[in-house]
Amino acid sequence: VFPACQFDGARVVDGIADVLEAAPETDGWRILQYLTGTPDGLDGRRPIDLLRTGNPRDRYRVIAFARTLED
């Protein structure tokens, strides 16, 4: 029922909750599209892959871009 990309084994990938919090009015399907797409400004990388790196800078970038989904 849930998109598998948000999980790392049995746990939710770190940062997913932050992305949801950054875009509270954004439809879940649009957030999924954001996480699995390659939005401009992330150097052709998918946000879900950047979250998986565990790098705080990558996580900040993903969350900052998620805020633009509310525009």
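The values are calculated or read from the model by the stated rules, or taken from the named source; none is laboratory data. Computed from a predicted model, the values in this text were never measured in an experiment. Virtual Cβ from ideal backbone geometry, glycine too; neighbours counted across all protein chains shown. Heavy atoms of the whole protein, side chains included, go into the accessibility calculation; ligands, DNA and RNA do not. Shrake-Rupley method; radii C 1.70, N 1.55, O 1.52, S 1.80 Å.
Things to note:
- Single residue of the stretch 1-14 satisfying the filter (part of a loop (DSSP other than H, G, I, E, B) and touching a helix residue (DSSP H, G or I) at 6+ places or on another chain (Cβ under 7 Å)) that is nearest to Y60 (Cα to Cα): D14
- Residues of the stretch 15-69 classified as touching a residue at least 12 places away in the same chain (Cβ under 8 Å), outside any helix (DSSP H, G or I) and open to solvent by less than 40 Å² (accessible area, probe 1.4 Å), total: 5
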